[in-house]
Amino acid sequence: MPVLNVIELNIVLTIIGAFILGFGVISVIIKNRWLLGEALPAMLLGIILGPLAAKFIDSSRWGSAEPGQVSEITLGITRVVIGVQLVIAGFQLPAKYQKLRWKEMLMLMIPVMTIMWLCSTLCMMATIPKVTLLATLVMAACITCTDPVLSQAVAKGPFSDKFVARDLREIISSEAGANDGFGFPFLLLATYLMRAQTPAAPTLVARAGEEVMRHGGGVGQAIGKWFLETWLYFVLMSIAIGALVGYAAGKGLKFALERKWVDSESYVLYPTALGLFLLGVCGMLGTDDLLACFTAGSVLNWDGEYMRETLERHDEVNSSVDVLLNFGGFMYLGTVIPWSEFHQPDTTGITVPRLIALGFLILVFRRIPAIFIMYKFMPNVVKNWKEALFMGYFGPIGIGAAFYVEHTRHLYPKLADADEEMGDLLKAIGPTVYFLVLFSIVIHGLSIPALNVVYSWYGVQPIQDDAMLFERKSIRAPTPVNAEVGDEYTFIAYNRFSRPVFDDVELPTFERTVSMGHRSMSRVSMGRRSMSRISLSRAPTISRQPTISRVPSPNRDRDEKDDPANFLGTSSFLSSVDKAPEVEIPLTPAPGYGRPIETPGTGRPTTIKYAL
């Protein structure tokens, strides 16, 4: 007979599904007009439906409802959300990006992160009264990294498509991907220094086969252990594992592609599978799985071929996986915020006013000074103080900080077994870091719409460089931000993030010739490299009927019979606007590199770098 089965799983599935359905029907309004993204709405819904209010989602009731399971669940969810997205972030960078920008990345990983760590420590010491210096260094390490999920939204979101230069966007994305793994040296240095102090009692507590109480030995022993275990095993081994797996995965995929063994679904799901594999392997080995995931993604696209192929296949799967992980991850994050611990004046001295003051101090002093000190050493990616201010301000704290908090709990004993210093640390780290996560998601989430209003008020024009032509999949597809309708089949977008290679002359295009009244375009392929020009006039309205004739080249390889670059023929379009004449351009064989391409039409010339 029918019975109600109101279990936790059914409740969670219902809520997530309903949220995605509701968000989806107005997603263009939320993301492209209001510029809010997924993180803030998802977290607010988690707060409303979590233990604080409706109590529909409560991870303490999941499964067997064992005491302390919330920390384990949070650690697992944040690992998966971050790890998979770091692989995606890695392969979406241009080919050999880490090699070409190694100086900038070195600046951001060592001096900038060190300054951020120390500045965060000073801010916490000024506002959290009953926590020692070493304990403050541990807490500051949890928020030193820029959040990889929120930073990707900043680097690749609609606002950046309009107003942020591509070089700056790429370095923000790359830094966020790498520094989330590089936060461990700061965390473990403070941890080893705290453990190296002489214990008041010789008792040691073991957790997961590791001693987590004080064992003495002094600073020298702590530094030696930190160098060997953290840098050699935890960091360098993770980079090696990620590079090896990414290289092997890329080679295996190319081998299969040449034999046409891989369908489109499996191809575009490759980064997700790679991330899950590395999370499992590195988790078993006890190394830095986040750094390994980002390294593997970067190596997977080392020659640009993976990104090139995903663009040609019009990949929407990875962005969909990205959005789904954001929905679930940030909604869950909203349910585990420790509201009751935000006011504990008798133990750690934490109060809500102190946390608010800490939030603004972190916003101003955590990252902006570090970027302003170092940005002149990175002139290729941060060209002026305005870009430095943008990069310094938008260093959000998010789901990555929650991961570090839960990982830190595993480095110390249970609260009942801890001494006074470690006990104060364990009491303070949760409310302090989670409040900063909440503060950052709200402030940074609302800063983008506010900045967009300011730019509109002052008439700041969108960036109109690096035009990209891509296929319009449906007549009902909305026009992307900072883009315009090319015709009923295409969009012309500017300043897009994704490009498969670093050097623009290597960007792939297909051969196409279009002439339509006030708009004309000529595109010529050069082997696997292409150049294109487009002229845009004041009147973008187009009405045309295409007529295309092509004669296949006798030199065509049978395996490349669908490649338009191997065709000879003509293509013409007649416009009905202002009695524009018909223009016919022969599709000749590819010219040599650097040969100028003449294009008909008038208006401001814009180079289309690549097309889909």
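The values are calculated or read from the model by the stated rules, or taken from the named source; none is laboratory data. All of these numbers come straight from a predicted model, not from anything done at the bench. Positions of Cβ are backbone-derived with ideal geometry, glycine not excepted, and every protein chain shown enters the neighbour counts. To get the accessible areas, we keep the full protein, side chains included, count just its heavy atoms, and leave off ligands, DNA and RNA. Shrake-Rupley method; radii C 1.70, N 1.55, O 1.52, S 1.80 Å.
Conditions (1) more than 15 Å from residue 180 (Cα to Cα); (2) among the small types (Gly, Ala, Ser); (3) over 22 Å from the mean Cα position of the chain (by Cα); (4) open to solvent by less than 10 Å² (accessible area, probe 1.4 Å), marked per residue:
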position: 256; (1), (2), (3), (4): yes, yes, yes, no
position: 264; (1), (2), (3), (4): yes, yes, yes, no
position: 267; (1), (2), (3), (4): yes, no, no, yes
position: 271; (1), (2), (3), (4): yes, no, no, yes
position: 280; (1), (2), (3), (4): yes, yes, no, no
position: 286; (1), (2), (3), (4): yes, yes, yes, no
position: 296; (1), (2), (3), (4): no, yes, no, yes
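Within region 347-364, identify whether any single residue is under 29 Å from residue 415 (Cβ atoms) and touching a Gly at 6+ places or on another chain (Cβ under 8 Å), and answer yes or no. No, region 347-364 has no match at all. Checked against the criterion of being of a type outside the set (Phe, Trp, Tyr) and under 29 Å from residue 321 (Cα atoms), the candidates 96, 103 yield just one match: 96.
For every residue, the table says whether it meets (1) closer than 27 Å to residue 499 by Cβ; (2) among the basic types (Lys, Arg); (3) touching a His at 6+ places or on another chain (Cβ under 6 Å); (4) at pLDDT below 95.
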{"site": "228", "(1), (2), (3), (4)": "no, no, no, yes"}
{"site": "262", "(1), (2), (3), (4)": "yes, no, no, yes"}
{"site": "267", "(1), (2), (3), (4)": "yes, no, no, yes"}
{"site": "270", "(1), (2), (3), (4)": "yes, no, no, yes"}
{"site": "275", "(1), (2), (3), (4)": "yes, no, no, no"}
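Of the residues making up region 28-38, at least one is surrounded by fewer than 13 Cβ atoms within 10 Å (Cβ to Cβ), within 23 Å of residue 159 (Cα to Cα) and at pLDDT 90 or above. For region 307-330, the condition of being farther than 19 Å from residue 152 by Cα and either buried (at least 22 other Cβ atoms within 10 Å of the Cβ) or at pLDDT 90 or above (or both) holds for none of the residues. For region 1-15, the candidate set comprises residues that are in a loop (DSSP other than H, G, I, E, B) and not polar (S, T, N, Q); within that set, the residue that is most open to solvent (accessible area, probe 1.4 Å) is 1. Elements of the type helices (runs of 4 or more DSSP H) sitting completely within region 118-201 and holding at least 1 residues that are without any contact (Cβ under 8 Å) to a residue 60 or more places away in the chain and open to solvent by 10 Å² or more (accessible area, probe 1.4 Å): these cover 133-144, 184-195.
Against the test of being at pLDDT below 95 and among the aliphatic types (A, V, I, L, M), the options 416, 402 yield a single qualifying residue, 416.
Among the residues of region 333-355, those that are open to solvent by 20 Å² or more (accessible area, probe 1.4 Å), over 17 Å from residue 130 (Cα atoms) and assigned to a helix (DSSP H, G or I) comprise 339, 340. Screening residue 445 on (1) touching a Gly at 6+ places or on another chain (Cβ under 7 Å); (2) farther than 25 Å from residue 80 by Cβ; (3) not charged (D, E, K, R) shows it passes everything except condition (2).
Of the set (1) part of a helix (DSSP H, G or I); (2) within 25 Å of residue 276 (Cα to Cα); (3) not charged (D, E, K, R), all apply to residue 48 but (2). Within region 370-399, the set of residues being assigned to a helix (DSSP H, G or I), surrounded by 14 or more Cβ atoms within 10 Å (Cβ to Cβ) and either of a type in the set (Ser, Thr, Tyr) or in contact with a helix residue (DSSP H, G or I) (Cβ under 6 Å, 6 or more places away or on another chain) (or both) comprises 370, 371, 372, 374, 375, 387, 388, 391, 392, 393, 399.
Each row is one residue, and each column tells you yes or no for (1) modelled with pLDDT of 90 or more; (2) within 12 Å of residue 336 (Cα to Cα); (3) not hydrophobic (A, V, I, L, M, F, W, C).
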{"site": "14", "(1), (2), (3)": "yes, no, yes"}
{"site": "43", "(1), (2), (3)": "yes, yes, no"}
{"site": "50", "(1), (2), (3)": "yes, yes, yes"}
{"site": "67", "(1), (2), (3)": "no, no, yes"}
{"site": "76", "(1), (2), (3)": "yes, no, yes"}
{"site": "81", "(1), (2), (3)": "yes, no, no"}
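For residue 276, the test of being open to solvent by 60 Å² or more (accessible area, probe 1.4 Å), under 29 Å from residue 183 (Cβ atoms) and over 19 Å from the mean Cα position of the chain (by Cα) is failed. Residues that are assigned to a helix (DSSP H, G or I) and either hydroxyl-bearing (Ser, Thr, Tyr) or open to solvent by 10 Å² or more (accessible area, probe 1.4 Å) (or both) within region 407-422 comprise 407, 408, 409, 415, 416, 417, 420, 421, listed in sequence order. Here residue 295 fulfils each of the conditions (1) part of a helix (DSSP H, G or I); (2) at pLDDT below 95; (3) of a type in the set (Ser, Thr, Tyr) apart from (2). For region 16-27, the candidate set comprises residues that are in contact (Cβ under 8 Å) with a residue 40 or more places away in the chain and among the aliphatic types (A, V, I, L, M); within that set, the residue that is surrounded by the fewest Cβ atoms within 10 Å (Cβ to Cβ) is 20. In the set (1) of a type in the set (A, V, I, L, M, F, W, C); (2) modelled with pLDDT of 90 or more; (3) surrounded by 15 or more Cβ atoms within 10 Å (Cβ to Cβ), the condition left unmet by residue 223 is number (3).
Within region 16-35, at least one residue is of a type outside the set (Phe, Trp, Tyr), assigned to a loop (DSSP other than H, G, I, E, B) and in contact with a helix residue (DSSP H, G or I) (Cβ under 9 Å, 6 or more places away or on another chain). Do the conditions hold for residue 56, that is, is it out of contact with any Cys (no Cβ under 6 Å at 6 or more places or on another chain) and either surrounded by fewer than 15 Cβ atoms within 10 Å (Cβ to Cβ) or under 30 Å from residue 450 (Cα atoms) (or both)? Taking the combined requirement at face value, the residue does not satisfy it. Annotation: residue 466 fulfils all but one of (1) on the phi < 0 side of the Ramachandran plot; (2) in contact with a Lys or Arg (Cβ under 9 Å, 6 or more places away or on another chain); the unmet one is (1).
Within region 438-461, residues that are under 18 Å from residue 389 (Cα atoms) have Cβ atoms under 8 Å from residues that are β-branched (Val, Ile, Thr) and at pLDDT below 95 in these pairs: 444/154; 448/154, counting only partners at least 6 apart in sequence or on another chain. Just one of the listed residues (435, 491, 470, 510) is at pLDDT below 85 and not in a loop (DSSP other than H, G, I, E, B), namely 470.
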